Amino acid sequence: MTGTQLGLLMLGLMLLLMAARVHIAIAMMVAGIVGYATLAGWGPLLAHFKNSAYARYSNYELSVIPLYLLMGAFAARGGLSKSLFDAAAKFIGHWRGGLAMSAIGACAGFGAICGSSLATAATMGRVALPELRRYGYSPRLATGTLAAGGTLGILIPPSVALVVYAMLSEQNIAKLYAAAMIPGIVATIGYMLTIRIVTRLNPSAGPSAPRASWPERWRAVVNVWPVASIFFLVIGGIYLGWFTPTEAAAVGAALAGVAAFLRGGLNGKEFVECLLSTAESSAMIFFILLGADTLNSFLALSQMPAELSAWVRNLGVSPFWVLVTIIMIYIILGCVMDSLSMLLLTIPILLPIVLGLDFWGMDETSKAIWFGILALTVVEIGLIHPPVGMNIYIINSIARDVPLMETVKGVLPFLASDFVRITLLILFPSISLWLVKLIN
Amino acid sequence: MEKIDVIIPGQIDPDADVQQGLGKALRYWVTALALLGGMVLVLLVAMSVVSILGRALFSKPIQGDYELAQMMSAMAVSLFLPYCHLRRAHILVDFFTAGASKRVKHWLDAIAGLLLTVIAAVFARQLFIGMTDGQDSGETSMLLGLPVWWPYTALVVAFGSLSLTALYFTVIELTRGIKGQS
């Protein structure tokens, strides 16, 4: 049996185990272990295990992940999400659908200090849903908006998913953050336009709130300063050369903790809760990282990714259709898998294929960055479409009186906006690459 | 702020099986490990802030802060692993088995749990060997000269505890699978 055949066989075994409720990380490990032992024997495999976990977990670039999660946990307690929503609502709440747009804006703002989509959806949902309902927004639009808005957290820096992609593709995280910035803004505007269209077609879905006076508005803006300064330090500090990304994340976590404490949201008990929720979500990620590490050690040994890439290149199919196929694969996988597992599973196999093809004459680094932003955009869609759209469940567990199907229907217009954005990102790589070139 | 629990269809209550006896002891131990990891993380935050301030104000960063950050984050995240399993939060796909009977699910979860128990135990054993290798060779970190096996102790304990936690839930799922109870 060739390495490629063994590789495909083990991927099949892994999918079978996953379907049978084996933890994703363990399914990856079993496939990796069996494959590695078949190719290289048990001795080298066991020797690999003496250091692999420490080597993976002591990776300096990955140490930002638990720090981002801690920062997000603190930020969620400090009422920072509420001040973001209030500030946006004071400015545009009197538009038709304006409060929903404010919620989108606040999600984008919270995404700028929180690296996780689920945390963004959960935090903003708790803050904005009651307000939207109070002003008579339809449950469908209100819950759909919050579920979709949560996905902005994955794209807008800092982002856990981008850190993982940077590791997998061996790209610079600062460049990837720059590349994600404009697509993140495009996503935010796209969602706001979606609300505009929905409320034009059905004005009763999003009635306007009373107009706020200018002094009220300025007061609300002033309240946003902790968020603004944390974002400036955590992301800006990297580009100004003040800190490494890990140091920046540590500073951000410290500031978010201080802000939460000063606003009375962080006593001893809540501090412990922050640590435990950070523990839970960090471990979830790092266990899959270890599983993917084991699987990828085997795949690299089997030469499968390289051979598959050569095979696709020799097929003579146009690169565009290969890309469309890859996107379809992501959408199908997104029906059963979470976004991070998908990235960890597919990037080592699919990125070599993309790098082996010609897209508008881009160089290798540009292709890797452009594809990363595209892949992230596509996997985030999995968060808001059934059956495993986690954001839908999170919002639904906050708004218990809204039937799940209403939220699913509410998300549909936002999904349409996502597909428009994906098309734009494919056709115009400069949306992602322009800012990267600018900072170089 | 009130805590929300996300209810996902078909998901089990993570706290139900660890309220008494062995389960309670396990919960205390594993939570203590997670909090220890959390404190290490907070220490990492404090160290980074002090190092940055030292560098900015007195052009004197903490010596070897990069090395320490690597060691601390490796210890922290591995100490979190058993707690995540205690909360039954390690990710699995339940799409294809959503319609299966409870009994079938208990059996499948027992098998999955057994795989996790064995693999975590293998990791713990190999990491222990890795640790003793490090002790024998006396290898030290580049800047600070710290023995490289030190952080391995946390990983050995973490993976051992992960294996024990998995074993505990495997036995529970197996009993339920055999008895056919929900």
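Okay, here's what the table says:
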read-out: Count of residues meeting criterion [of a type outside the set (D, E, K, R), farther than 14 Å from A:SER63 by Cα and either free of Cβ contacts under 8 Å to residues at least 60 places away in the same chain or in contact with a Pro (Cβ under 9 Å, 6 or more places away or on another chain) (or both)] in segment B:48-80; value: 12
read-out: Hits in segment A:331-372 - residues which are more than 14 Å from chain B (Cβ to nearest Cβ), in a helix (DSSP H, G or I) and modelled with pLDDT under 90; value: A:ILE331
read-out: Boolean, A:LYS409 is in a helix (DSSP H, G or I), under 27 Å from A:PRO130 (Cβ atoms) and away from chain B (no Cβ under 14 Å); value: yes
read-out: Filter result (of a type in the set (Val, Ile, Thr) and within 29 Å of B:LYS102 (Cα to Cα)) within segment B:127-182; value: B:THR165, B:THR170, B:VAL171, B:ILE172, B:THR175, B:ILE178
read-out: Residue list for segment A:178-189, restricted to those being buried (at least 24 other Cβ atoms within 10 Å of the Cβ) and over 17 Å from A:VAL378 (Cα atoms); value: A:ALA178
read-out: Filter result (under 16 Å from B:ASP94 (Cβ atoms) and buried (at least 23 other Cβ atoms within 10 Å of the Cβ)) within segment A:362-388; value: A:GLY382
read-out: Given (1) surrounded by fewer than 17 Cβ atoms within 10 Å (Cβ to Cβ); (2) facing another protein chain (nearest Cβ under 7 Å), index of the condition B:LEU81 fails; value: (1)
read-out: Subset of segment A:218-246 [aromatic (Phe, Trp, Tyr) and part of a loop (DSSP other than H, G, I, E, B)]; value: A:TRP242, A:PHE243
read-out: Condition check for B:THR132: within 18 Å of the chain's Cα centre (by Cα), surrounded by fewer than 19 Cβ atoms within 10 Å (Cβ to Cβ), farther than 21 Å from A:MET284 by Cβ and more than 9 Å from every other protein chain (Cβ to nearest Cβ); value: no
read-out: Residue tally, condition outside any helix (DSSP H, G or I) and at pLDDT below 80, over segment B:1-32; value: 15
read-out: Total residues in segment A:126-181, condition under 20 Å from A:LEU240 (Cβ atoms) and assigned to a loop (DSSP other than H, G, I, E, B); value: 5
read-out: Options A:PHE286, A:PHE298; residue that is buried (at least 24 other Cβ atoms within 10 Å of the Cβ), more than 9 Å from chain B (Cβ to nearest Cβ) and either more than 26 Å from the chain's Cα centre (by Cα) or of a type outside the set (Gly, Ala, Ser) (or both); value: A:PHE298
read-out: Any hit, segment A:159-170, residues being at pLDDT below 95, closer than 28 Å to A:ILE285 by Cα and over 17 Å from the mean Cα position of the chain (by Cα); value: yes
read-out: Test: residue in segment B:163-177 that is at positive phi and within 12 Å of the chain's Cα centre (by Cα); value: no
read-out: Tabulated pairs, segment A:307-323, first of a type in the set (Gly, Ala, Ser), second assigned to a helix (DSSP H, G or I), C-beta under 8 angstrom, 6+ apart or interchain; value: A:SER309/A:PRO352; A:SER309/A:ILE353; A:SER309/A:LEU355
read-out: Single condition A:ASP86 does not satisfy, out of (1) of a type in the set (D, E, K, R); (2) more than 11 Å from chain B (Cβ to nearest Cβ); (3) within 22 Å of the chain's Cα centre (by Cα); value: (3)
read-out: Those residues of segment B:87-124 which are touching a residue at least 60 places away in the same chain (Cβ under 8 Å), touching a Gly at 6+ places or on another chain (Cβ under 9 Å) and within 27 Å of A:ILE332 (Cβ to Cβ), in sequence order; value: B:ASP94, B:ALA98, B:ASP109
read-out: Test: residue in segment A:37-59 that is surrounded by 24 or more Cβ atoms within 10 Å (Cβ to Cβ), within 21 Å of A:THR246 (Cβ to Cβ) and in contact (Cβ under 8 Å) with a residue 60 or more places away in the chain; value: yes
read-out: A:GLY115 being outside any helix (DSSP H, G or I), away from chain B (no Cβ under 13 Å) and over 30 Å from B:ARG103 (Cβ atoms); value: yes
read-out: Number of positions in segment A:19-36 that are within 7 Å of another protein chain (Cβ to nearest Cβ) and either small (Gly, Ala, Ser) or free of Cβ contacts under 8 Å to residues at least 40 places away in the same chain (or both); value: 6
read-out: Search result, residues across segment B:125-178 that are among the aromatic types (Phe, Trp, Tyr) and free of Cβ contacts under 8 Å to residues at least 60 places away in the same chain; value: B:PHE128, B:TRP149, B:TYR152
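Let's see how each residue does on (1) touching a helix residue (DSSP H, G or I) at 6+ places or on another chain (Cβ under 6 Å); (2) surrounded by fewer than 17 Cβ atoms within 10 Å (Cβ to Cβ):
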residue	(1), (2)
A:ALA148	yes, no
A:GLY153	yes, no
A:SER169	yes, no
A:LYS175	yes, no
A:TYR191	yes, no
A:ALA209	yes, no
A:PRO215	no, yes
A:VAL221	yes, yes
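The values are calculated or read from the model by the stated rules, or taken from the named source; none is laboratory data. Since this is a predicted model, take the numbers as computed values, not measurements. Here Cβ is always computed from backbone atoms with ideal geometry, including for glycine, and neighbour counts include all displayed protein chains.
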